[in-house]
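S.K.: Please see the structure below; I have some questions.
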Amino acid sequence: MNGVATVTKEIFKPHLEIRGNFSLSGEIQISGAKNSALVLMTAALLTKEKVLINNIPDLTDVDGMANILVNMGVKLNSKLDSIEIQADNLQHVELPYELAHGLRASFFCIGPLLTRLGRAKIPLPGGCQIGARPVVEHIRGLKALGAFVSVEHGKVTASIQGSSKRLKGADIVFDCPSVGATETVLMAAVLADGTTTIENAAQEPEVQDLAKMLNSMGAKVSGAGGPKITIHGVDSLKGCDYTVMPDRIEAGTFLLAAAITQSKLRISPVIPEHLSAVLQKLRDCGCTLEIANDCITITPGEIRGVDLTTQPYPGFPTDLQAPFMALLTIAKGTSVVTEKIYENRMQHVAELQRMGASIRLQGNTAVIEGVPELSGAPIMGGDLRSTAAMVIASLAANGTSRLEGLNHLDRGYAAIEKKLNKAGAHILRHQQ
Ligand code: EPZ
């Protein structure tokens, strides 16, 4: 070669082209909660009768869960934003790795399959971009209910020994208030013989939504949403017609989009108390919030720096840590953001720095010095919520950003650019 550098043709990657510095207005419609819909779909396995779940968000994670259920022999019909599920002919106790490995929520099938068929074999969900995400608490809970559980070759196998083929109620105390483990034990205990108590239970709204749906199927669950949940086992569950609660994390994401673009915006439907910790931080950093029934109107003032630390619910939600940090990069003054839930949930810091943010990272604590403005840049999301954070940052940046990582974004946000463009943003999706 005569020394001419050969530039390899850049491999095209789907991306969003986001033009910054446009304000938003009007109202944004919030979809059903991803982290509720996914677990409610697995709860439908607990009965042979028809289960109708409404307000299902249009997400790739929901599509993935639907594929898993159909693969198990479940009848599934989607009608607009409702899914009708009937598990009257459950065939497989084992989830195929190729279907389950990309979707952590697939692990939620272990409780219902074990209860219905006496045996379940589920791929170990394993870690992801944000952390190791062990399932120790889930396994401890199932063992306490009398299941035999082994972990071999990357799969978790659970079975009920003895002729009764029925789990036994037990008193369980979690070491950590794991959302998934609380939901797994809930679904395993509702048909157990006797009473189960879960102490140090996760209190997240998604746990409450699951308990509400199980009770509408005839279960006897009390205390969900608090630290101690009591479940009186019943002999069988019936079908139900249930509506998924609004997505509090999507709602918080759009409130932050309004704050960073200095826009007055209404979001609805939302359950305000699901976002108390986030609303408080938005007020602390200079936003006015009007709350009326199931809608919130935000009017941002000058954004001031605030400190925040992620905690289990009702503390500040880890899923809004990255989106909130995007706002704080342009706040007046210094902010300290500490991530206490996951060991590796600061991937957005490097990308925000590429846009001109001034952030010093020490372990899981980020010290953010507000800058007057960010500049548009080619950026990449590393996981679902860090990609959402980059959308928020790009909306207020000077110039245009090219954001890759749509495979992450589409897992948790239904048509995010359509909703933002309807409110005045300028975002183009380039699929190929
Ligand atoms: C759910 O994950 C959500 N996912 C997550 O949302 C959310 O961040 C998380 O709850 C916390 O609110 C779904 O509901 C599908 P955990 P889950 O078990 O159940 C540790 C998003 O962006 N832990 O409460 O996996 C674990 O390592 C996603 O929408 C143990 O140590 O959360 C983590 O650090 C991300 N041992 C912390 O607890 C265990 O046995 C929280 O995990 C289980 C968990």
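The values are calculated or read from the model by the stated rules, or taken from the named source; none is laboratory data. Predicted, not measured: the structure shown is a model, and the values here were computed from it. Cβ: placed from backbone, ideal geometry, glycine included. Neighbour counts: every protein chain shown. Remember, those area values only see protein heavy atoms, side chains included, never the ligands or the DNA or RNA. Shrake-Rupley method; radii C 1.70, N 1.55, O 1.52, S 1.80 Å.
S.K.: Quick one: which of 343, 351 is surrounded by fewer than 17 Cβ atoms within 10 Å (Cβ to Cβ) and touching a residue at least 24 places away in the same chain (Cβ under 8 Å)? Write out each step before concluding.
M.R.: Numbers: 351 fails: surrounded by fewer than 17 Cβ atoms within 10 Å (Cβ to Cβ).
Among 343, 351, only 343 is surrounded by fewer than 17 Cβ atoms within 10 Å (Cβ to Cβ) and touching a residue at least 24 places away in the same chain (Cβ under 8 Å).
S.K.: Of everything in the range 220-261 that's within 16 Å of the ligand (Cβ to nearest atom) and open to solvent by 30 Å² or more (accessible area, probe 1.4 Å), which residue is nearest to residue 410 (Cα to Cα)?
M.R.: Residue satisfying both the conditions and the ranking: 224.
S.K.: Being loosely packed, with under 15 Cβ neighbours inside 10 Å and touching a residue at least 24 places away in the same chain (Cβ under 8 Å) is the filter here; which residues of the range 390-421 pass it? Quick ask: steps written out before the conclusion?
M.R.: So in the range 390-421, the residues loosely packed, with under 15 Cβ neighbours inside 10 Å come out as 398, 407, 418.
Across the range 390-421, the qualifying residues are 398, 407.
S.K.: Related question: Give me the strands (runs of 3 or more DSSP E) completely within the range 343-432, filtered to those with at least 2 residues that are aliphatic (A, V, I, L, M), ordered by residue number. Can you show your working first?
M.R.: On the way: elements: 358-362, 365-369, 378-380, 400-404, 426-430.
The strands (runs of 3 or more DSSP E) meeting that bar are 358-362, 365-369, 378-380, 426-430.
S.K.: Under 9 Å between Cβ atoms, at least 6 apart or on separate chains: pull out the pairs that start in the range 159-182 with a residue that is closer than 20 Å to residue 236 by Cβ and not assigned by TED's automatic domain parsing to the domain that holds residue 118 and end on any residue that is open to solvent by 20 Å² or more (accessible area, probe 1.4 Å) and away from the ligand (no atom under 16 Å from the Cβ).
M.R.: Nothing qualifies.
S.K.: On to the next question. Against the definition (in the same structural domain as residue 23 (by TED's automatic domain parsing), touching a helix residue (DSSP H, G or I) at 6+ places or on another chain (Cβ under 9 Å), of a type outside the set (Val, Ile, Thr) and within 24 Å of residue 408 (Cβ to Cβ)), how does residue 343 come out, yes or no? Outline the logic, then answer.
M.R.: Working: in the same structural domain as residue 23 (by TED's automatic domain parsing): yes; touching a helix residue (DSSP H, G or I) at 6+ places or on another chain (Cβ under 9 Å): no; of a type outside the set (Val, Ile, Thr): yes; within 24 Å of residue 408 (Cβ to Cβ): yes.
No: the conditions fail for residue 343.
S.K.: Follow-up. Show me the strands (runs of 3 or more DSSP E) found entirely inside the range 16-84 where at least 1 residues are surrounded by fewer than 22 Cβ atoms within 10 Å (Cβ to Cβ), more than 13 Å from the ligand (Cβ to nearest atom) and at pLDDT below 95. Show your work before the answer.
M.R.: Working: elements: 27-29, 50-54, 75-79.
Counting at least 1 such residues, we get 75-79.
S.K.: Continuing with this model, one more query. What are the residues in the range 85-111 that are open to solvent by less than 40 Å² (accessible area, probe 1.4 Å), of a type in the set (Gly, Ala, Ser) and under 19 Å from the mean Cα position of the chain (by Cα), if any?
M.R.: 100, 105, 106
S.K.: Next question, about the same structure. Within the range 102-124, which residues are free of Cβ contacts under 8 Å to residues at least 60 places away in the same chain and of a type in the set (Val, Ile, Thr)?
M.R.: The answer is 122, and nothing else.
S.K.: For the range 148-184, which positions are open to solvent by less than 10 Å² (accessible area, probe 1.4 Å) and more than 13 Å from the ligand (Cβ to nearest atom)?
M.R.: Answer for the range 148-184, where residues must be open to solvent by less than 10 Å² (accessible area, probe 1.4 Å) and more than 13 Å from the ligand (Cβ to nearest atom): 158, 160, 167.
S.K.: Being crowded, with 16+ Cβ neighbours inside 10 Å and either within 15 Å of the ligand (Cβ to nearest atom) or farther than 15 Å from residue 255 by Cα (or both) is the filter here, so list the residues in the range 268-303 that pass it.
M.R.: Answer for the range 268-303, where residues must be crowded, with 16+ Cβ neighbours inside 10 Å and either within 15 Å of the ligand (Cβ to nearest atom) or farther than 15 Å from residue 255 by Cα (or both): 274, 275, 277, 278.
S.K.: I would also like to ask the following. Every residue in the range 351-367 that is of a type in the set (Gly, Ala, Ser) and farther than 14 Å from residue 305 by Cβ, please.
M.R.: 356, 363
S.K.: Looking at the range 193-217, I want the residues that are assigned by TED's automatic domain parsing to the domain that holds residue 235 and touching a residue at least 40 places away in the same chain (Cβ under 8 Å) and have a partner that is open to solvent by 10 Å² or more (accessible area, probe 1.4 Å) and aromatic (Phe, Trp, Tyr) with Cβ atoms under 8 Å, at least 6 apart or on another chain. Which pairs are those?
M.R.: Qualifying pairs under 8 Å: 202/313; 203/313; 204/313; 205/313; 213/242.
S.K.: Looking for something among the β-branched types (Val, Ile, Thr) and in contact with a Phe, Trp or Tyr (Cβ under 7 Å, 6 or more places away or on another chain) - is there at least one such residue anywhere in the range 284-291? Break it down into steps so the answer makes sense when it comes.
M.R.: So the first thing to find is which residues in the range 284-291 are among the β-branched types (Val, Ile, Thr), and the list is 288, 291.
Restricting the remaining residues to those that are in contact with a Phe, Trp or Tyr (Cβ under 7 Å, 6 or more places away or on another chain) gives none.
No, that holds for no residue.
S.K.: For the range 307-340: of the residues being away from the ligand (no atom under 16 Å from the Cβ) and farther than 19 Å from residue 388 by Cβ, which is most open to solvent (accessible area, probe 1.4 Å)? Break it down into steps so the answer makes sense when it comes.
M.R.: Step one: filter the range 307-340 for residues away from the ligand (no atom under 16 Å from the Cβ), giving 307, 327-336.
Subset that is farther than 19 Å from residue 388 by Cβ: 307, 332-334, 336.
Working: 307: 88, 332: 125, 333: 42, 334: 68, 336: 49 Å².
Looking at the filtered set, the residue picked out is 332.
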